[in-house]
Amino acid sequence: MTAGFSFRARAEQGAARAGAFTTPHGIVDTPAFMAVGTQATVKTLDPRDLVEAGAQMILANAYHLHLRPGEQVVREMGGLHAFMGWSGPILTDSGGFQVFSLETLRRVEEEGVEFQSHIDGSKRRFTPEGVIAIERALGADVIMQFDHVIPGQAEHDLALDASERSLRWLERCRTTFADTAFARDGLTPQTLFPIVQGGIHADLRRDAARRIAAMDDWAGIAIGGLSVGESKPDMYAMLEVVDAALPRDRVRYLMGVGFPEDLIEGARRGVDLFDCVAPTRMGRNGTAFTRDGRVNVRNASLRADARPLDEGCDCSTCARFTRAYLRHLFTADEMLGPRLLSLHNVHFLVSLMRDARAAIAAGSFDGWSREWLARHHSRPEPVP
């Protein structure tokens with residue numbers, strides 16, 4: 001395992017565990033939700049907002065930062081931590097999802113992927129070696145392998161091809177990672193996470209998980225290619241397959257999953273880290289998470305509603321502002337509205353995982369999670 005990184009489970013209940021992931025920039029209590037700062041910023045939020053919300057670790061994206069301002073600019077500014085003013089742990093996604101989502105603007109070959117920038121149309125090329133060089137320069141604590149991402153309902157043959165290519169690319173990422181020594185430049189010590197692919201096919205997921213676990217002494221292992229169009233039951237089933245195949249003494253990261261119910265279902269199945277753009281994206285569009293389901297603050301019924309978004313939430317948005325005021329901000333197109341809802345949504349998910357940790361430690365996670373999900377699912381439509 002890379003020096004400076006470790007994982008320890010402090011309490012377990014079934015597959016769920018409350019643990020501690022140690023990094024050079026601090027300890028992350030797990031299970032934990034990581035806010036996404038794609039372009040070195042969690043949209044609308046200051047790093048101080050994130051600290052006050054209890055966020056421990058955040059993400060940035062290699063694809064977007066490569067396009068602008070460029071990884072060398074970030075490196076010259078002292079790496080991502082200094083560049084974005086965040087002192088806690090950072091993870092960078094390799095950009096695999098973004099590149100493969102370009103569809104008609106990219107071509108996949110064994111060497112890598114050729115694509116056009118969504119910004120200016122310029123031709124670019126990502127290879128496993130090149131992506132690792134980008135992520136090394138950005139300087140995050142945890143960097144991800146370059147993988148081949150496919151739609152969630154992909155047939156077995158396509159999923160097999162993508163999983164095998166991801167495994168071959170992992171070998172190349174691992175070799176490049178081992179051959180580059182950025183520590184001498186004073187940047188953050190880093191660790192490389194592999195990604196388990198395989199679509200919704202249990203045999204592929206199981207095989208990839210076992211081969212990855214045998215390949216190296218990883219500090220953590222990611223589960224990718226879920227929440228990309230497959231059904232929720234299929235996603236949960238794949239988490240159960242992977243849970244049985246991965247070593248339990250390594251941190252597990254479920255990529256791109258961040259709805260409240262999915263965090264709880266993932267934690268039930270042994271996942272330690274989650275991330276998603278949903279809380280800030282939905283916040284910017286006027287939707288808030290609550291224990292009783294989602295609230296659309298543009299709803300006319302909130303025009304004179306003096307309640308907070310969620311009466312059980314202790315975020316600064318809920319502590320200070322009414323639903324009526326939040327609706328006013330959105331109908332008046334005021335910038336404060338998206339900021340306050342984004343803050344609430346991130347705080348909501350971070351706090352949800354804090355409560356999950358406490359329930360696991362107390363031995364009450366099974367009952368707590370069933371009750372929470374029953375209440376959350378009791379309203380099929382957004383609450384007024």
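The values are calculated or read from the model by the stated rules, or taken from the named source; none is laboratory data. Predicted model only: the values in this text are computed from it and were never measured. Neighbour counts are summed over all protein chains in view; Cβ atoms, including those assigned to glycine, are modelled from backbone coordinates with ideal geometry.
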In the range 82-97, which residue that is over 21 Å from Thr30 (Cβ atoms) and buried (at least 23 other Cβ atoms within 10 Å of the Cβ) is modelled with the lowest pLDDT?
Gly96
All-but-one check, Phe115 against (1) assigned to a helix (DSSP H, G or I); (2) crowded, with 19+ Cβ neighbours inside 10 Å, failing number (1)
When you scan the range 178-201, do you find a residue that is in a helix (DSSP H, G or I) and within 24 Å of Gly112 (Cβ to Cβ), even just one?
yes
Looking only at the range 207-230, count how many residues are surrounded by fewer than 18 Cβ atoms within 10 Å (Cβ to Cβ), in contact (Cβ under 8 Å) with a residue 12 or more places away in the chain and over 19 Å from the mean Cα position of the chain (by Cα).
6
Taking into account only those residues within the range 42-59 that are assigned to a helix (DSSP H, G or I) and touching a Ser or Thr at 6+ places or on another chain (Cβ under 9 Å), which is surrounded by the most Cβ atoms within 10 Å (Cβ to Cβ)?
Ala53
Determine, yes or no, whether Gly121 is assigned by TED's automatic domain parsing to the domain that holds Thr30, surrounded by 14 or more Cβ atoms within 10 Å (Cβ to Cβ) and either part of a helix (DSSP H, G or I) or not hydrophobic (A, V, I, L, M, F, W, C) (or both).
no
Could you identify the single residue in Leu343, Leu326 that is under 21 Å from the mean Cα position of the chain (by Cα), assigned to a helix (DSSP H, G or I) and surrounded by 15 or more Cβ atoms within 10 Å (Cβ to Cβ)?
Leu343
If I filter the range 70-89 for residues that are part of a strand (DSSP E or B) and closer than 30 Å to Trp368 by Cβ, do I get at least one hit?
no
Report yes if some residue within the range 271-278 is within 29 Å of Thr22 (Cβ to Cβ), aliphatic (A, V, I, L, M) and surrounded by fewer than 24 Cβ atoms within 10 Å (Cβ to Cβ); otherwise report no.
yes
